[in-house]
Amino acid sequence: MAGDRAQRAAVLSALGDPSRLAVVDLLQVQDLSPHALAAALEIPGNLLAHHLKVLETAGVVTRAHSQNDKRRTYVRLVPESLDGLLPAPGPLVVPRVVFVCTHNSARSVLAEAIWNAVSDVPSASAGTHPAERVNPRATSAAGRAGLALAAATPRSIDDVLSADDLLVSVCDSVNEELGDVPNPRVHWSIPDPALRDTDEAFAEALTDITERVAHLAPRVRYRRHAPTKGTP
């Protein structure tokens with residue numbers, strides 16, 4: 001019990017700075033690079049590095065190298081470190097959630113299936129460079145979890161994404177390739193299970209995505225697309 005109190009005190013102490021609290025607010029549903037965090041907070045990189053070190057020491061955030069660009073890192077919140085400490089962020093009100101990875105053959109289709117199992121907000125998935133088929137290991141992993149994959153054939157982001165959709169990139173290469181888009185946007189830095197190509201790797205990816213979906217879904221509300229001119 002004393003150890004638990006000491007850890008809570010360490011977390012609360014780490015959060016006792018407006019910039020560090022802002023970092024945590026920004027990371028509640030997404031992963032961000034230090035560069036993106038510094039830009040969002042409008043503070044220099046050396047000051048952000050200090051704040052991140054404090055948060056890491058308290059066990060509030062972790063960092064991992066991008067799977068696409070090894071020079072880049074992503075900062076991720078450790079959700080359980082904040083249990084009962086912070087209010088939930090405001091809702092995202094969107095007509096649809098679109099999960100995007102490079103090939104639309106594993107992570108994005110798994111995310112779409114998991115989302116459909118827990119949320120009434122419409123969803124879809126797409127790829128920046130679609131594969132010819134969904135990875136059979138992704139299909140098997142979904143089946144073992146009692147999920148049905150909605151995407152029978154990978155599709156291009158150009159054919160799927162609309163301007164008001166919430167774009168959730170589930171791989172680093174997509175996040176780094178897309179650049180500026182008009183959509184509301186969330187990034188999840190999830191390793192590609194196809195690189196290891198084992199059932200265990202796909203099961204780990206599914207678990208990671210399931211946890212992230214469970215955290216994001218309560219924060220997303222459905223909004224109908226505005227009717228186009230001439231429609232009733």
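None of the figures in this text is laboratory data; all of them are computed from the coordinates on show. Since the model is a prediction, treat every value here as computed from it, not as a measurement. Because the Cβ atoms are built from the backbone with ideal geometry, glycine has one as well, and the counts that use them run over all protein chains shown.
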Would you mind ranking Val54, Val78 so that the residue whose beta carbon has the fewest other beta carbons within 10 Å leads the list?
Val78, Val54
How many nm separate the modelled label positions at Thr62 and Asp83, each set 7 Å beyond the Cα in the direction of the Cβ?
1.6
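Which whole-number percentage describes the relative contact order of the stretch 86-136, with Cα contacts under 8 Å and a sequence gap of 6 or more?
43
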Given that just one value was derived from the coordinates, which of (1) 17.5, 64; (2) 18.5, 66; (3) 17.7, 52 is Rg and Dmax of the Cα atoms in Å?
(2)
GNM, the chain, Cα, under 10 Å: largest mean-square fluctuation among Ser169, Ser13, Ser189?
Ser13
Fewest-first ranking of Arg221, Arg185, using other Cβ atoms within 10 Å as the exposure measure
Arg221, Arg185
Structure-based [θ]222 nm, the chain - -39500 (n - 2.57) summed over DSSP H runs of at least 4, per residue, nearest 500
-12000 deg cm²/dmol
Neighbour counts of other C-beta atoms within 10 Å: give me Cys101, Cys171 arranged from fewest to most.
Cys171, Cys101
Defining a contact as two alpha carbons under 8 Å apart and six or more residues distant in sequence, what relative contact order in percent does the chain show?
21
Karplus couplings for the stretch 90-98 from phi (6.51 cos²θ - 1.76 cosθ + 1.60, θ = phi - 60°), rounded to Hz, Gly and Pro as x?
x, x, 9, 10, 9, x, 6, 10, 10
Quick calc, the chain, dipole around Cα centre from Cβ unit charges on Lys, Arg (+) and Asp, Glu (-), nearest 20 debye, gives 340
Loop sites in the stretch 72-136: GluC sites (Glu not before Pro), DSSP, at most 13 other Cβ within 10 Å:
Glu132
Mean shadow area (nm²) of the C-alpha convex hull around the stretch 2-82 is 5.3
